[in-house]
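> Could you have a look at this structure, given as structure tokens, before my questions?
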Amino acid sequence: MSAAILEVDNLTVTFDTDEGVFNAVEGVSFAVGAGEVVGLVGESGCGKSVTALSILRLIPSPPGRITQGSVRFKGVDLARLSAAELRRMRGASIGMIFQEPSAALSPLHRVGRQLVEALRLHRDIPRQAAWETAGQWLEKVRIPDAAERLHAYPFQLSGGMQQRVMIAMALMLEPELIIADEPTTALDVTIQAQVFALIREMRRASTAILLITHDMGVVWEMCDRVLVMYAARIVEAGSREEIFGKPAHPYSRGLLRSIPRLTDKPDRLAAIGGMVPSPLRYPPGCRFNDRCPYVFDRCRREAPGLLEVAGGHQAACFLARKLVRTPL
Amino acid sequence: MPNPIATPPTTLENGARPLLELLDLKTWFPVRRGVFAKTIGHVRAVDGVTLAIARAETLGLVGESGCGKTTLGRTILGLDPPHSGRLRFDGRDIGRLSRAAKRQLRQRMQIIFQDPLSSLNPRMNILDIVTEGLREFGLISDTREAHAVRLLREVGLDADALYRYPHEFSGGQRQRINVARAISLRPDFIVCDEAVSALDVSVQAQVINLMIDLREKYGLAYLFISHDLSVVSNIAGRVAVMYLGRVVEEGPTDSIIRDPLHPYTRALIGAVPVPGVQRAKAPPLTGETPSPLAPPPGCRFHPRCQEAMDVCRRVDPGRTRWAGRRVWCHLYGEGETLSA
């Protein structure tokens, strides 16, 4: 891995709600190297989106607050930046793509104006030149009649086209890191395939991507490295081949086995029993212990830390070294 | 007057009499404009679908947003009125039944929706929810609780759920409650409209397994509507692929996934990311689905089809039997007429 451009160290994000105080993210550490595509996967409520939003300090506060840890972008601690400095960094250095384009595009302004504004906010270029650049980017993301569409309001575009506008907006400033939170979840598979082909083709070789998703198929298609989250913690980290080929945490293993596949269909899918615990009622010790087929006494008393099972491949399980050698 | 489509054209391969038959079914929604709400056109959501489902069979219905798969399911249940065509359930033409007879038929056909929460009344407790249908049809009186507990057990929930409310349950549990309600009247047929799409994968697998168990136990037939081909391939023996209001290919799930015939089916299957399998990348489909208000002439897929020929722009392809399947594409011949 080349030098890390993003370093998240021991990040903990606490939410203070009517029902109680809980950690949505707890002791999360990882790094993203230049040009690397890292997938952050897990099921709803595991903390993956909160992790992504915390990097840019976008978590709503209250109720959320970063209570521990640091986020460094190219060595700079983002917590030390002023609001204005942070704003300059968002978009220009760190781009964002969200699941819902409607959350990122203003419904009141034409697409062209929004693109031009984003360009001129970060770059000193005349309005006319910015308009032309915006048009070129819409063409690059294969929006038909791009010059015409600059005059369209977001609601006049289909979901797939809105998503492509957002991708154009994220890519045109040539950021070094793109944080994409479920960028294709709302899209049909054929449109998803178009969007991924675009992201692959459009990003500069040095642009890193942190891809947040619940879809293991998407992770496989897009990522070099994978972080698996469960109940606010990272439970396994490794290369794509390690996670899919030699998963070492019982949760990753269960997740991989429960995915319905196009071919090789079992008589019954291998579901994980039980359900994700509520963040207000995590079991003591390992948080997966009530659903784990390998559970033993120690798991109920003590939370396992990330254990190195091979260079760069880690899993938070007492049995990780044994499981990594056990075929799925 | 003899009706050219009176004979069911979709006799099942094994010769069994189908439980449900759709014959050239169309569901159109009028588009109105102006002070007098003049009809200026129709959204042809379902535009000529012919299919059959046998008892205890699961037919998967796949396609992308706007292809008409949800409308098709709703039309079968009478939630959207058909524009034309025919719908037969257990040999009886639903369109010709009296109101009372239709109501009786409702007992035997149920639906499960995508969003497990919004399809449950938040002010009703689980006991009332799962026994509402039974009460409606006057099938129980004083053994309501016992009935409800049995239903909950069938779907893997405990009796302590009875007096709780939908918001107290997780997504997976709520969908189990919807399943319990759907099977409460011992139906023969259930439309599952994206029934597991909102669930996390570990929970999704639990609910799929539950549905397979119930199918085997009660001989249920499902129309399993989903955008997710991988899910469909794990529950449905046969699958129909829809595009812009029409079925473009239909046949055994395994053979369609292994060797899709229709160019749209090929693009759809090629776009599904398969974890752990490195595949040769087919170029992704370009463009988007045209508007169902004005579908393209000829084959509806021709503007996006890599293999479009001259005839595709002019002539609507008929149904062709090919390799144990039915496909609507000029690449596979002339097609046949609907009258058998």
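Please treat every number below as a calculation from the coordinates, not as lab data. Just so it is clear, the structure is predicted and the values come from calculations on it, not from any experiment. FYI the Cβ positions are ideal-geometry reconstructions off the backbone, even for glycines, and counts take in every protein chain you see.
> Could you give the size of the charge dipole of chain A about its Cα centre, using +1 on the Cβ of each K and R and -1 on the Cβ of each D and E, expressed in debye and rounded to the nearest 20? Mind showing how you got there, number by number?
Values: 39 positive and 35 negative charges, 66 e Å.
In total the dipole reaches around 320 debye.
> Please name which of A:Val8, A:Gln128, A:Gly20 has its Cα lying farthest along the dipole of chain A towards the positive end, using unit charges on Cβ (Lys, Arg +1; Asp, Glu -1) and the Cα centre as origin.
The one lying farthest along the dipole's positive direction is A:Val8.
> Based on the Cα gyration tensor of the range A:281-328, what are the three equivalent ellipsoid semi-axes, each the root of five times an eigenvalue, rounded to whole Å and given largest first?
Working: eigenvalues 80, 30, 14 Å².
Result for the range A:281-328: semi-axes of 20, 12, 8 Å.
> Hey, another quick one. Please compute the contact order of the range A:248-328 in relative form: average sequence separation of alpha-carbon pairs under 8 Å and at least six residues apart, divided by the residue count, as a percent. Intermediate results must be reported in sequence, preceding the final value.
Working: 93 pairs, mean separation 27.2, N = 81.
Contact order relative to length: 34 percent.
> At q = 0.20, 0.25 Å⁻¹, what is the log10 ratio I(q)/I(0) for the range A:248-328, with the Debye formula run over Cα points and no solvent?
So the normalised log intensities are -0.97, -1.25.
> Provide the net charge surrounding B:Tyr218, with neighbours chosen by a C-beta distance below 15 Å and charges set as Lys +1, Arg +1, Asp -1, Glu -1. Walk me through the intermediate numbers first.
On the way: positive: B:Arg55, B:Arg108, B:Arg150, B:Arg153, B:Arg181, B:Arg186, B:Arg215, B:Lys217; negative: B:Glu57, B:Glu154, B:Asp188, B:Asp213, B:Glu216.
Taking every Cβ under 15 Å from that of B:Tyr218, the sum is +3.
> Something else about it: Straight-line reach from A:Lys265: which lysines have Cα under 30 Å away, leaving out those fewer than 8 places along the same chain?
A:Lys48, A:Lys246, A:Lys322, B:Lys69, B:Lys217, B:Lys281
> If I take the Cα coordinates of the range A:177-255 and project them onto the principal axes, what are the three extents in Å, biggest first?
Sorted largest first, the three principal extents are 35, 29, 24 Å.
> While we're on this one: Mean Kyte-Doolittle of at least 0.5 plus a Cα span of 27 Å or more along the axis: flag which DSSP H helices in chain A meet both, please.
On the way: long enough: none.
In chain A, no H run is both long and hydrophobic enough.
> Calculate the mean, over all residues of peptide B:190-202, of how many other protein chain Cβ atoms lie within 10 angstrom of the residue's Cβ. Provide the component values of the computation, followed by the final result.
Working: counts 0, 0, 0, 0, 0, 0, 1, 0, 1, 2, 11, 13, 16.
Counting other chains' Cβ atoms within 10 Å and averaging over B:190-202 gives 3.
> Gap in Å between the Cα centre of the range A:131-165 and the Cα centre of the range A:275-308?
47
> Taking chain A as the region of interest, what is the percent of Cα-Cα pairs per 20 angstrom bin, listed from the shortest bin to the one with the maximum distance?
Per 20 Å bin, starting at 0, the Cα pair percentages come out as 30, 56, 14, 0.
> Next question. All other residues with a Cβ under 14 Å from the Cβ of B:Val248 taken together, and with Lys, Arg as +1 and Asp, Glu as -1, what is their net charge? Display every interim value, and only then the final one.
Values: positive: B:Lys69, B:Arg246, B:Arg266, B:Arg300, B:Arg304, B:Arg319, B:Arg325, B:Arg326; negative: B:Asp47, B:Glu64, B:Glu249, B:Glu250, B:Glu307, B:Asp316.
Spelling it out: positives minus negatives among the neighbours equals +2.
> Which value does Rg/Rh take for the range B:221-340 over its C-alpha atoms, Rh per Kirkwood? Don't jump to the answer; show the numbers that get you there.
Details: Rg = 14.6 Å, Rh = 15.3 Å.
We get a ratio of 0.96 for the range B:221-340.
> Using a 10 angstrom cutoff on alpha carbons, build the Gaussian network for chain A and name the most mobile of A:Ile259, A:Ile199, A:Ile179.
Result: A:Ile259 has the largest fluctuation of those listed.
> Given R₀ = 51 Å, what would the calculated FRET efficiency be for B:Tyr218 paired with B:Arg314, taking r from the Cβ atoms and rounding to 0.05? Intermediate values should be presented prior to the final figure.
Values: r = 48 Å, r/R0 = 0.94.
Given R0 = 51 Å and the Cβ-Cβ separation, E is 0.60.
> If amide H atoms are built 1.01 Å from N in the plane of the peptide, which residues on other chains or at least 5 residues away come under 5 Å of the amide H of B:Leu61?
Long-range HN contacts for B:Leu61: B:Phe224, B:Ile225, B:Ser226, B:Ala240.
> Comparing B:Met211, B:Met124, B:Met242, which has the greatest mean-square fluctuation in the GNM of chain B with Cα pairs linked when under 10 Å apart?
Greatest mean-square fluctuation among the candidates belongs to B:Met124.
> Where does the protein assembly as shown land on the Kirkwood hydrodynamic radius, alpha-carbon pairs, in angstrom?
Its Kirkwood hydrodynamic radius stands at 27.2 Å.
> Take peptide A:207-217, look around each residue's Cβ out to 10 angstrom, count Cβ atoms belonging to other protein chains, and average those counts. Could you put the intermediate results ahead of the total?
Numbers: counts 0, 0, 0, 0, 0, 0, 0, 2, 3, 5, 8.
Per residue, the number of nearby Cβ atoms from other chains is 2 on average.
> Among A:Thr207, B:Gly276, B:Thr131, whose Cα sits farthest toward the positive end of the charge dipole of the protein assembly as shown (+1 at Cβ of Lys/Arg, -1 at Cβ of Asp/Glu, about the Cα centre)?
Of the listed residues, the answer is B:Thr131.
> Around B:Leu87, with a cut-off of 14 angstrom between Cβ atoms, what is the net charge of the other residues, counting Lys and Arg +1 and Asp and Glu -1? Working shown, then result.
Working: positive: B:Lys26, B:Arg74, B:Arg86, B:Arg88, B:Arg92, B:Arg96, B:Lys102, B:Arg106, B:Arg108; negative: B:Glu21, B:Asp24, B:Asp80, B:Asp90, B:Asp93.
That works out to +4.
> With angles folded into 0 to 90 degrees, how steeply does helix B:201-218 sit against the dominant principal axis of chain B? Use alpha carbons for both and round to 10.
Roughly 80 degrees between the two axes.
> Taking each residue in A:262-268, count the Cβ atoms of any other chain within 10 Å of its Cβ, then average. What number comes out? Intermediate values should be presented prior to the final figure.
Details: counts 14, 7, 4, 7, 2, 3, 6.
What the average comes to for A:262-268 is 6.
> Right, next: Assuming 0.36 nm per residue, please report the length gained on full extension of the stretch B:Ser255 to B:Leu293 beyond their Cα-Cα distance. Mind dumping the intermediate values first?
Details: separation 38, 0.36 × 38 = 13.68 nm, distance 3.28 nm.
So the chain would gain 10.4 nm between B:Ser255 and B:Leu293.
> Take A:His151 and A:Asp290, extend 7 Å from each Cα along the Cα→Cβ direction, and tell me the distance between the two endpoints in nm.
Once both label points are built, they end up 5.9 nm from each other.
> Given +1 on the Cβ of Lys and Arg, -1 on the Cβ of Asp and Glu, and no further charges, what dipole in debye does the protein assembly as shown carry about its Cα centre, rounded to the nearest 20?
Working: 83 positive and 71 negative charges, 173 e Å.
In debye, rounded to 20, the protein assembly as shown gives about 840.
> Evaluated at 10 °C with a viscosity of 1.306 mPa s, what Stokes-Einstein diffusion coefficient in µm²/s does chain B have when Rh comes from the Kirkwood expression over alpha-carbon pairs?
On the way: Rh = 21.4 Å.
Approximately 74 µm²/s, per Stokes-Einstein.
> How would you order B:158-170, A:48-60 from highest to lowest mean count of nearby Cβ atoms within 10 Å?
Working: B:158-170: 14.8, A:48-60: 20.3.
In descending order of packing, they fall as A:48-60, B:158-170.
> A further question on this structure: Taking the Cα atoms only, what angle lies between the long axis of helix B:171-183 and the longest principal axis of chain B, rounded to 10 degrees?
The answer is roughly 90 degrees.
> Still on this structure, I have one more. Given a 10 angstrom Cα cut-off, can you work out which residue in B:Cys305, B:Cys329, B:Cys192 is the most mobile in a GNM of chain B?
In this elastic network of chain B, the residue with the biggest mean-square fluctuation among B:Cys305, B:Cys329, B:Cys192 is B:Cys305.
> How tilted is helix B:144-154 with respect to the longest principal axis of chain B? Cα atoms for both, answer in degrees (0 to 90, nearest 10).
Roughly 50 degrees, rounded to the nearest 10.
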